[in-house]
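What follows is a single structure, written as structure tokens, with notes after it.
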Amino acid sequence: MKFLHRISSIGYVIVALLFFICSFALIVLAGMEIWAALTPSGEQTVQERFKLILECVGLLTIAVAALELGQTVLEEEVQRAVHVSAPTRVRRFLSRFLIVVVVSLGVECLIGVFQFLHTQPELLPHVASIGVAAAVLLISWGMFIRSNVDAEKLEPEAMKEAQEEDKHVET
């Protein structure tokens, strides 16, 4: 059984590593975008430079999301030794994942509004749908957490162990 757990841990480490590699690749691409936007030349208008900077912000947002997801996989699946029940694990992992997704969608919505407000206002309903999706996810996540308060009361020792391990992992 330990052998299967070790193989599973190696798989999670590989997934986390791929998230980190993708994140760093996106950071490099964002650096290239910002360089192109800020390089003095007479060929680009201020509006074109603005679009490049907004694209850079979008790339960095996705890079941070990939970093966070890699860290979540590494911490939740590899570093943690406490074997909490499946519902507790799902709540913890889902919460960390949804934080990343909701914040990323919110930032992307904001970028879309800035990008299309003056140039292509007909695309604003599409951007608004991203904001609505983020809001629906946030509300659903809140309802999920609220409905799981009773489940946390059923397994207080597992939650206490998980919280103690959180302190250990964070230091």
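The values are calculated or read from the model by the stated rules, or taken from the named source; none is laboratory data. Source: prediction; values computed, not measured. Cβ placement follows ideal geometry from the backbone for every residue including glycine, while neighbour counts extend to all protein chains displayed. Each accessible area value is taken on the protein alone, full model and side chains, heavy atoms only, with ligands, DNA and RNA left out. Shrake-Rupley method; radii C 1.70, N 1.55, O 1.52, S 1.80 Å.
Quick notes on this one:
- With all protein chains kept in place, the per residue accessible area of the stretch 11-150 amounts to 60 square angstrom at a probe of 1.4 angstrom.
- Surface accessible to a 1.4 Å probe, I27 within the full protein complex, Å²: 70
- Largest to smallest accessible area among F93, F114, F20 [probe 1.4 Å]: F114, F93, F20
- Local charge for T61 was computed over the other residues whose Cβ lies under 12 Å away, with Lys and Arg +1 and Asp and Glu -1, and equals -3.
- Accessible area of K153 in the full protein assembly, 1.4 Å probe (Å², nearest 10): 140
- With the whole protein complex present, T119 retains an accessible surface near 50 Å², based on a 1.4 Å probe.
- In this simple spin-label model, placing a label point 7 Å from the Cα along the Cα-to-Cβ direction at both L117 and E43 gives a separation of 3.0 nm.
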